[in-house]
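Laboratory data are not the source of any read-out in this text; all were calculated from the coordinates shown. Since this is a predicted model, take the numbers as computed values, not measurements. All Cβ positions, even for glycine, are placed from backbone atoms using ideal geometry, and neighbour counts span all protein chains on display.
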Amino acid sequence: MSRFFLFLWEHRQSLLFLLLILLSLAAISLSGENRFNLARQINRTLITPFQMVVSKADYYLSLKQENERLRKNNFVLSLELYHLEQARQQNERLKALLDFSPATPIHFIASRVISGGIGERANVFIIDKGSRHGIRINLPVLVPEGLVGKIIETDPARSVVQLYTHQDFRVSAMPSGKTERGIAGSASGGRLYLFNIPLRTSITPGDLIVSSGMGGIFPKGIPIGEVADIEREREMGIKLRARLNPSVNLDKISELFVLADSAFVSPGAGILFETGDSLNLLWSDQ
C-alpha cells in the first residue's frame, strides 16, 4: 500500500494532467451552462483541495529536508566538540607530565600507549618507544599520580609494560612515613593488595603505600595506592593483607614515563639490592 501511495505522489503531476484531460473531454459534451457549472464544481471539489494537499505536502517535505540538514550539521558539530574535548584532555595530561619534573633533572623517557589494556592484553600496555630509545627490561613505568608497572619486553621500536594489575607483578612497598615493609601486587581479579603484613602492625586505612626501594627496580617513594581496609590472608591466617585503592587509574592513561636513570634504578640487580636514591622529591608537594 505504501508503494502505491508513493507511486501516486511521484507521478502526481502526470495524473493531474490526465485527469484534467478526461474532465475536459467530458465537459465538451455538455451545454454551455452545464459546462460552466461542471468546471466550477471541479475547481471547488477537486483542483483546489488537490492544490492545497500538494502545497502542504511540499511544505512538510521541505521541513523534512531541512530537519535532515540540521541533523547532519548537528552531528558534524558534535564531532568537532568531541575532538576539541579530546584535545583539551590531552593538553591537561601533557601539562601534568611536563609539571612532573624535579629541580634536579632525572632521565625519563616520555612514551605513548599504542595498544593493550583491553581483552587478552588487559594487564599490559604496548608503548611507542623501544631499545633504540634507551628502554630496557625491568625499567619502572610511572605517571604523575604514581606507579604504572615495569618493562617486560622490548624491541627497537616498541616495548611491553607489565601493569600493576598483572598477576605476576610484585613490588616491595611500605607505608609512607613508616618502616614496615610488605609486597604490593595483584590478587585474583586484578585487585591491588599489600601482602605479608604482620599481625601486629601500625598500618591503618588511609595510609599511602609507596615503593620501598628494595629490589633495585623501583626507587623508593613512588605512590602505589591508599589502604582501604585490612584483612587476614586466606591461606594460613598468620599474616595480614591490606586492600589498596590504586593511585593510578589505568583506564585514563595515554601517555607515561619510563624511568631510565642509573642513579635510581639497576634493572639487573637482585631482590636484596636497594636502590641508591629516592623519588620522594617528585611527590613532596602532593
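Worth a mention:
- Placed amide H near Asn138: partners under 5 Å, 5+ positions off or other chain: Ile151, Ile152
- Applying the Karplus relation 6.51 cos²θ - 1.76 cosθ + 1.60 with θ = phi - 60° to region 241-258 yields 3J(HN,Hα) values of 9, 10, 7, 10, 8, x, 6, 10, 8, 5, 5, 9, 8, 10, 10, 8, 10, 9 Hz, where x marks Gly and Pro.
- Taken along the Cα-to-beta-carbon direction at a fixed 7 Å, the label points for Asn249 and Arg132 span 3.6 nm.
- Local charge for Asp155 was computed over the other residues whose Cβ lies under 15 Å away, with Lys and Arg +1 and Asp and Glu -1, and equals +2.
- Taking θ as phi - 60° and the Karplus parameters 6.51, -1.76 and 1.60, the scalar couplings of region 194-211 work out to 10, 9, 6, 8, x, 4, 8, 9, 9, 6, 9, x, x, 5, 8, 8, 10, 5 Hz in sequence order, x denoting glycine and proline.
- Couplings 3J(HN,Hα) of region 127-138, computed from phi: 10, 8, 10, x, 5, 6, 9, x, 8, 10, 4, 6 Hz, in residue order, whole Hz [Karplus 6.51 cos²θ - 1.76 cosθ + 1.60, θ = phi - 60°; x for Gly and Pro].
- Residues whose placed amide H lies under 5 Å from that of Ala173, excluding near-sequence neighbours: Gly182, Ile183, Ala184, Ser212
- Label point distance in nm, Ser202-Asp261, each placed 7 Å from Cα along Cα→Cβ: 2.8 nm
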